[in-house]
Structures are given as structure tokens and as C-alpha cells.
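Just dropping this structure here.
The values are calculated or read from the model by the stated rules, or taken from the named source; none is laboratory data. Computed from a prediction, not measured in an experiment: that's the story for all the values here. With ideal geometry, Cβ positions are generated from the backbone for all residues, glycine too; neighbour counts draw on all protein chains shown. Surface areas here come from the heavy atoms of the whole protein model, side chains and all, with no ligands, DNA or RNA. Shrake-Rupley method; radii C 1.70, N 1.55, O 1.52, S 1.80 Å.
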Amino acid sequence: MQFHSAEYIFDGYQFLPKGFVLCIDDDGRIVDIVQQEIEDAKHHTGLLMPGMINAHCHIELSACKGIIAKGSGLVDFLISISSKRNLFTQEAIYEAIEHAENEMLQNGIVAVGDISNGLDSLPQKQKARLHYHTFVECFGLLDVNAMERIRASLEILKHFIELHPSSLVLHAPYSVSERMIAAVNEISGGKISSIHNQECDDENELFISGTGSFLKLFKFIVKDINFFKPSGLSSLQTYLPKLSKPQKLILVHNTVSNEDDIKFAQALHNQLYWCLCPNANLYIENKLPNIKLMQALNCKIVLGTDSLASNDSLSIVDEMLTLQKYIPSISLADKLKWATSNGAKALGIEHEFGSFEVGKRPRIINITNVKSENELPLKPKVSRIV
Ligand SMILES: [Zn+2]
């Protein structure tokens, strides 16, 4: 048995009052949390918190770090990434993925919701050093080859499902055909799903009026863009009614989701998770979502890093620091909750991860130079206790 106390303990939901001690077995499982003096307790400076959950990553894109200019906007980003991601040798891709996973471990991340288009991340995930939920992503603009593309994605899914929980998901509202949405919706019954949502104003413009920069993306992918018919509604309000079957749905980015969108979505689906990837939003669009609005509407918020193609680091602490810098009125306790217990619930792993509760094995992270319950230090020193 081990006993750990600290200046600050965040249990996944709130800061505990002073004087609490975590009692854990040699396996790292929480046996008890008591408010009493224990002589052999190891006292840590700074903060103890559960391991962090990265709810949205694309580890397979790790070799693409730094190859796309910041502030290019989503459409140019997507065009660049689809041509540049194939420039690397298989060896360089594997090496970058291993390096990225090491970075996440060092930064206190213990579980990842990871998007995969192919099998590049499989060898690293086989080592099971982090908990993963792999979201195998399909996309394709035309109905005519939707089923063929879904079958190919299901073949990829088979490999990941042998390792850990995994599901088939849609990439984004603007990159999938009607037939693909309907088929993936059927396959998603009772499962955890994910979709990139409302990343920029042009995404809404496409669905509302059929205009804007996404037509350039369509022309890059297919010659004849007459297949697309605008709905007159925002992106979210167009696709969400057709994506009714997933038990949980992680909406990623939400950079331009407004009050109407959020209320519309909440009326349709009761297990929505709103994933913020602030550093990626600043990298691609130089814009952040209306997070205060999300809080006011009781959105269940989680945090993700997105990929190294659109971020300088894979660190949930860095995402929290960016929120602290741009929206200082968000409390540290709220951010820590998004990074831990909310993320664990989104990935369906709250029985083990995300909070200090008896019976769980959430891993214990120490940020040694935390000096208050109100803010993170600018250069946090993160280490793993268990
Ligand atoms: Zn993403």
C-alpha cells in the first residue's frame, strides 16, 4: 500500500479540502481517500490529479509536424495535408508516431480518442502503453462508391477492435455522402462516435447557401461538383438529425457553433460531448469557439490536441494553458474536469480513468509547480506518480 498527499489534490471533479491522502495498492488502484494524518504518506509539492484524457488526436499524422503553415484556413489545410501526408517513408511515419506517444505519456496523458484512416498507428498501439479508443474514419463525397469505402474502413477497424474499443465514424459533414452517413449511422447503433463539427464559417456557408471556399475543396477531389445540394441550414443542423444512432457522439472543434446550433443539438441527442482543440483552432483558423456560451448551455466539454499537423505539441496541459491565456475567466477546476472525468466519460472509460474514486486505477499525475487552485504555471512540470 502507498499513501500520497499534496498541496493540492484535484479528484476529477473538484479540488479536495486540505489534508486528504490517497491510499493506493501496488497496482495503482485507489483503495481509499481519507482526511487524516498518515505518517508514511509521501507528500508532493504542487498538484496531484488523475491522468489526462486526450479526447481527439490523429497520431498517424505525427510525421506531418510543422509542414503546413499556420493560419492557412481549413480548406487549404485539408488540401495540403492530403497531398503532403504521403511524402514520408513508412519508417519515418512509425518513428514519428512512437515519438508522439512518448510525448503524450510525458505530458500526463493516459487515454486517447484517436482518429485513424489507415493502419500506420497499429504497431505502436499494440504496445498498449496508453489506453486508446480508435475511431476509424471514413469519408467520400459520392454515393456511388460509399459502400466500397465503408467496406475498406471496416477492414481497418477489424485490426484495431482486436486491441481496444474502436468504432467506425464519419470524418466531417462536408466530406461524406448521404449514403455514407446513413450506412455509418446504422453501424453506430449503441456505440461511441465522433465527427469534426463546424470548424469554420465557410463550413456553415456551404450548407446554408452552397457557396464559399469548400467548393474549391470539392473541385480538388471530384471534377463535377453538381452532386452537392445546400440544405439552407447550418452544417450541424443539416447532418445531426441523420446521425441518430450513436449512444455517445463527440463533436470536435465546434469553432463556429452558435446558440441555435447547440440548443438544436441538445434537443436531439442527450449524450453529446463538445471537444475543444484550442491550439489546433488557433493554428488553422486563428479563432476559438464560444466556450463561455457552451458553459452557459451546460455542454459536456472535453479536450483534445488534434494532430501534430495542426499543433506544436500533444499536451492537454498546453491546451489548458491556451484557454487560460485567451479566456482567463474559465476556472482551473473546470478545465481540469474537462481534461479528466469528462474525457473519461466521453470515451466510456470512467470505470477506470478520469477520477480519484475507490476501485479505479486512473494513474496519478503530479504538476509540481502549481501554486494555487486558480491557475496553471506557465511552464508546468508534469510527472507520473503511478
Ligand atoms: Zn481532427
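Filter segment 57-100 down to residues that are among the aromatic types (Phe, Trp, Tyr) and within 16 Å of the ligand (Cβ to nearest atom), then give me how many there are.
Selection size over segment 57-100: 1.
Does Val110 satisfy the condition of being free of Cβ contacts under 8 Å to residues at least 12 places away in the same chain, more than 16 Å from Asn185 (Cα to Cα), of a type in the set (Val, Ile, Thr) and assigned by TED's automatic domain parsing to the domain that holds His58? So that I can check it myself, show each step before the final result.
Details: free of Cβ contacts under 8 Å to residues at least 12 places away in the same chain: no; more than 16 Å from Asn185 (Cα to Cα): yes; of a type in the set (Val, Ile, Thr): yes; assigned by TED's automatic domain parsing to the domain that holds His58: yes.
For Val110, the condition - free of Cβ contacts under 8 Å to residues at least 12 places away in the same chain, more than 16 Å from Asn185 (Cα to Cα), of a type in the set (Val, Ile, Thr) and assigned by TED's automatic domain parsing to the domain that holds His58 - is not met.
When segment 324-377 is examined, which residues are found to be within 18 Å of Ala296 (Cα to Cα) and in contact with a strand residue (DSSP E or B) (Cβ under 9 Å, 6 or more places away or on another chain)?
Leu332, Ala333, Asp334, Lys335, Leu336, Lys337, Trp338, Asn342
Does Leu293 satisfy being touching a helix residue (DSSP H, G or I) at 6+ places or on another chain (Cβ under 9 Å) and crowded, with 22+ Cβ neighbours inside 10 Å?
No; evaluated as a whole, the condition is false for this residue.
Among the residues in segment 265-278, are any over 29 Å from Ala183 (Cβ atoms) and more than 16 Å from the ligand (Cβ to nearest atom)?
no
While we're here: Pick from Asn185, Asn226: which is of a type outside the set (D, E, K, R) and without any contact (Cβ under 8 Å) to a residue 12 or more places away in the chain? Walk me through how you get there before you give the answer.
On the way: Asn185 fails: without any contact (Cβ under 8 Å) to a residue 12 or more places away in the chain.
Result: Asn226 is the single residue among Asn185, Asn226 that is of a type outside the set (D, E, K, R) and without any contact (Cβ under 8 Å) to a residue 12 or more places away in the chain.
Residue under question is Glu91, and the condition is that it be in a helix (DSSP H, G or I), open to solvent by 20 Å² or more (accessible area, probe 1.4 Å) and free of Cβ contacts under 8 Å to residues at least 12 places away in the same chain; does it hold?
For Glu91, the condition - in a helix (DSSP H, G or I), open to solvent by 20 Å² or more (accessible area, probe 1.4 Å) and free of Cβ contacts under 8 Å to residues at least 12 places away in the same chain - is met.
In the list Ser5, Ser80, Ser72, Ser62, which residue meets the criterion of being open to solvent by less than 60 Å² (accessible area, probe 1.4 Å), of a type in the set (S, T, N, Q), under 26 Å from the mean Cα position of the chain (by Cα) and farther than 24 Å from Phe135 by Cβ?
Ser72
Inspect segment 41-56 for any residue being within 16 Å of the ligand (Cβ to nearest atom), assigned to a helix (DSSP H, G or I), open to solvent by less than 30 Å² (accessible area, probe 1.4 Å) and within 30 Å of Ile195 (Cα to Cα) and give the result as yes or no. Outline the logic, then answer.
So in segment 41-56, the residues within 16 Å of the ligand (Cβ to nearest atom) come out as 53-56.
In the following step, the residues that additionally are assigned to a helix (DSSP H, G or I) were identified as none.
For segment 41-56, residues within 16 Å of the ligand (Cβ to nearest atom), assigned to a helix (DSSP H, G or I), open to solvent by less than 30 Å² (accessible area, probe 1.4 Å) and within 30 Å of Ile195 (Cα to Cα): absent.
Do you know which residues across segment 11-40 are touching a residue at least 40 places away in the same chain (Cβ under 8 Å) and either open to solvent by 40 Å² or more (accessible area, probe 1.4 Å) or of a type in the set (D, E, K, R) (or both)?
Asp11, Tyr13, Gln14, Asp27, Arg29, Val31, Asp32, Ile33
Here's a check for you: in segment 303-317, which residue that is among the β-branched types (Val, Ile, Thr) and within 11 Å of the chain's Cα centre (by Cα) is nearest to the ligand (Cβ to nearest atom)?
It comes out as Thr305.
Scan segment 318-355 for residues that are assigned to a helix (DSSP H, G or I), of a type in the set (A, V, I, L, M, F, W, C) and within 16 Å of the ligand (Cβ to nearest atom) and jot them down.
Answer for segment 318-355, where residues must be assigned to a helix (DSSP H, G or I), of a type in the set (A, V, I, L, M, F, W, C) and within 16 Å of the ligand (Cβ to nearest atom): just Ala346.
Continuing with this model, one more query. Counting residues that are within 22 Å of Gly343 (Cα to Cα), which helices (runs of 4 or more DSSP H) fully inside segment 214-301 reach at least 2?
Those helices (runs of 4 or more DSSP H) span 259-268, 278-284, 291-296.
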